[in-house]
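Peer 1: Just dropping this structure here.
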Amino acid sequence: MAINLKGRHFLKLLDFTPGEINYLLQLSKRFKELKQTGTPHRYLEGKNIVLLFEKTSTRTRCSFEVAGMDLGMGVTYLDPGSSQMGKKESIEDTARVLGRMYDGIEYRGYGQNIVEDLAAHAGVPVWNGLTTEFHPTQMLADILTVEENFPQGIKGKKLVFMGDAQNNVANSLMVVCSKLGLHFAACGPKEQMPKPELVETCKKIASETGASIQLTSDVKEACAGAHVIYTDIWVSMGEPDELWAQRIKLLEPYRVTKNVMAMADKEAIFLHCLPSFHDTKTTIGADIAKKFGINEMEVADEVFRSRQSKVFDEAENRMHTIKAVMYATLA
Ligand code: CP
Ligand code: NVA
């Protein structure tokens with residue numbers, strides 16, 4: 001049956017079949033080609049979208065903006081704190097108002113319940129640009145990058161997430177790997193493992209797709225034969241700064257170093273959703289260096305800058321994949 005996602009929300013990958021996810025990846029490749037060849041693709045001229053950000057962003061915001069403009073749409077950006085949402089107006093009322101003016105709504109913020117609530121009342125497609133629980137648009141870019149590096153096929157490949165394995169990116173990677181038949185390993189301290197309920201859901205999906213889910217605190221066991229080593233920051237947006245001391249202590253053994261990369265397959269690539277603390281050239285990085293005496297956090301600078309690191313291809317792919325999501329749900 002032909003796949004048609006028109007009118008659908010994009011809130012979490014659990015809502016999509018493997019066929020639908022693959023369709024979005026195929027579409028992303030087509031859009032990447034159009035962009036690279038300078039071929040105009042203003043397919044959504046006359047439509048307008050609004051981007052609601054309750055947390056900061058570089059990649060996600062710019063991807064939605066450039067993708068929206070490339071598709072010929074008008075784009076409104078509402079930054080953290082500059083709309084009435086939450087403080088003076090409920091999510092339901094905000095959704096009803098924005099749905100009267102715009103053809104699609106992007107939301108980045110806190111609980112998954114907020115983006116689900118927006119979607120329930122907007123009457124137009126709502127796209128999740130990151131919540132506390134999930135970061136689904138990031139996944140399409142990540143898998144596209146894996147496909148580009150393993151063109152012979154990604155089914156059966158092993159992806160290891162190192163570090164805070166219960167954050168939005170780790171959760172979403174576990175979901176997308178189980179949907180697409182990749183072996184997923186969460187490698188971190190037992191305190192930071194994904195929630196059992198989500199693990200169970202993913203294991204059930206994995207049993208149908210040939211994927212597998214492994215939770216381990218043993219770096220060697222996790223990384224043996226891995227094709228993708230992935231990590232993310234140790235304290236996510238919205239979490240209190242007081243967590244840094246505890247997280248550094250818990251997660252330092254899971255920093256992605258040259259030694260860790262050497263445990264993986266020789267063709268292995270390194271991915272990171274970014275932003276990353278791989279040196280002290282940020283205010284937080286410099287502050288942590290002063291307080292805790294470490295110059296790099298979740299990934300060693302030499303790995304971040306290595307030939308195996310595909311993080312900037314991955315960042316570029318955010319734009320092509322977000323374009324595919326908007327096109328598929330609006331056209
Ligand atoms: N990876 C990602 O979502 O980056 P931003 O926070 O810059 O959007
Ligand atoms: N886990 C990170 C991802 C940033 C793209 C955060 O939520 O801050």
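The values are calculated or read from the model by the stated rules, or taken from the named source; none is laboratory data. Here the structure is a predicted model, which is why all the values come from computation and not from measurement. Neighbour counts run over all protein chains shown; Cβ positions are idealised from the backbone, glycine included. All accessible areas refer to the heavy atoms of the entire protein, side chains included, with ligands and DNA or RNA removed. Shrake-Rupley method; radii C 1.70, N 1.55, O 1.52, S 1.80 Å.
Peer 1: For the residue pair ARG307 and THR58, what label-to-label distance in nm results when each label sits 7 Å from Cα along the Cα-to-beta-carbon direction?
Peer 2: A separation of 2.6 nm, rounded to one decimal place.
Peer 1: Using all Cα-Cα distances in the range 161-226, what percent lands in each 5 angstrom bin from 0 up to the longest?
Peer 2: Taking all Cα pairs of the range 161-226, the binned fractions are 4, 21, 32, 26, 15, 2 percent.
Peer 1: Taking only protein heavy atoms into account and a 1.4 Å probe, give the accessible area per residue of the range 129-248 in Å².
Peer 2: With all protein chains present, the range 129-248 gives 35 Å² per residue.
Peer 1: Here is a follow-up. How much mean residue ellipticity at 222 nm does the chain get from its helices, if each DSSP H run of length 4 or more adds -39500 (n - 2.57) and you divide by all residues, to the nearest 500 deg cm²/dmol?
Peer 2: When only DSSP H runs of four or more count, the value is -13500 deg cm²/dmol.
Peer 1: May I ask you to derive the FRET efficiency for SER82 and ASN48 from their Cβ-Cβ distance with R0 = 30 Å, giving the value to the nearest 0.05?
Peer 2: Step by step, r from the Cβ atoms, then E = 0.95.
Peer 1: Which of SER207, SER217, SER82 ends up with the largest GNM mean-square fluctuation for the chain, with Cα atoms connected below 10 Å?
Peer 2: SER82
Peer 1: Taking all protein chains as present, what is the carbon and sulfur share of the accessible area of the chain, in % to the nearest whole number, probe 1.4 Å?
Peer 2: C and S fraction of accessible area: 51 percent.
Peer 1: Could you tell me how far the Cα centroid of the range 279-331 sits from the Cα centroid of the range 49-111, in Å?
Peer 2: 23
Peer 1: If all Cα-Cα distances of the range 194-331 are sorted into 5 Å bins from 0 onward, what percent lands in each bin, rounded to whole numbers?
Peer 2: Over the range 194-331, the share of Cα pairs per 5 Å bin runs 2, 8, 15, 17, 18, 19, 13, 6, 3, 1, 0 percent.
Peer 1: In whole Å, largest first, what are the principal axis extents of the Cα atoms in the range 32-81?
Peer 2: Rounded to whole Å, the extents work out to 37, 23, 8 Å.
Peer 1: Separate question: Report, by chain and number, residues whose modeled amide H sits under 5 Å from the one on LEU215, excluding near sequence neighbours (fewer than 5 apart, same chain).
Peer 2: ALA186
Peer 1: Something else now. What residue among GLY285, GLY188, GLY38 shows peak mean-square fluctuation when the chain is described by a Gaussian network model with Cα springs under 10 Å?
Peer 2: Checking each option, the largest mean-square fluctuation is seen for GLY38.
Peer 1: How many percent of Cα pairs in the range 234-283 exceed 15 Å?
Peer 2: Distances greater than 15 Å cover 61 percent of the Cα pairs.
Peer 1: Over the range 121-160, what number does the Rg to Rh ratio reach, with both radii from the alpha-carbon atoms and Rh per Kirkwood?
Peer 2: Across the range 121-160, the Cα-based Rg/Rh ratio is 1.14.
Peer 1: Considering the zone a paramagnetic label at MET101 would reach in this model (a point 7 Å from Cα along the Cα-to-Cβ line), which residues of the range 60-77 have amide N under 13 Å from it?
Peer 2: 75-77
Peer 1: Which length gain, in nm to one decimal place, applies between HIS41 and GLU252 when the Cα-Cα distance is subtracted from 0.36 nm times their residue separation?
Peer 2: 71.4 nm
Peer 1: Checking a compactness column here: for the range 79-137, what do you get for Rg(Cα) / (2.2 N^0.38 Å), N being the number of residues?
Peer 2: So the Cα radius of gyration is 1.02 times the expected 2.2 N^0.38 Å.
Peer 1: In 10 Å bins starting at 0, how do the alpha-carbon pair distances of the range 54-159 split up by percent?
Peer 2: Going out from 0 Å in 10 Å bins, the range 54-159 shows 13, 41, 29, 13, 4, 0 percent.
Peer 1: So, one more: Just flag the trypsin sites (Lys or Arg not before Pro) in the range 267-307 sitting in loop per DSSP whose Cβ has no more than 10 other Cβ atoms within 10 Å.
Peer 2: Those satisfying the criteria are LYS281, ARG307.
Peer 1: Something else now. For the chain, what is Rg from Cα atoms divided by 2.2 N^0.38 Å, rounded to two decimals?
Peer 2: That works out to 0.97 for the chain.
Peer 1: Turning to a different aspect of this structure: Show the residues, 5+ positions off or on another chain, whose built amide H is closer than 5 Å to the amide H of TYR77.
Peer 2: Answer set, sorted by chain and number: LEU51.
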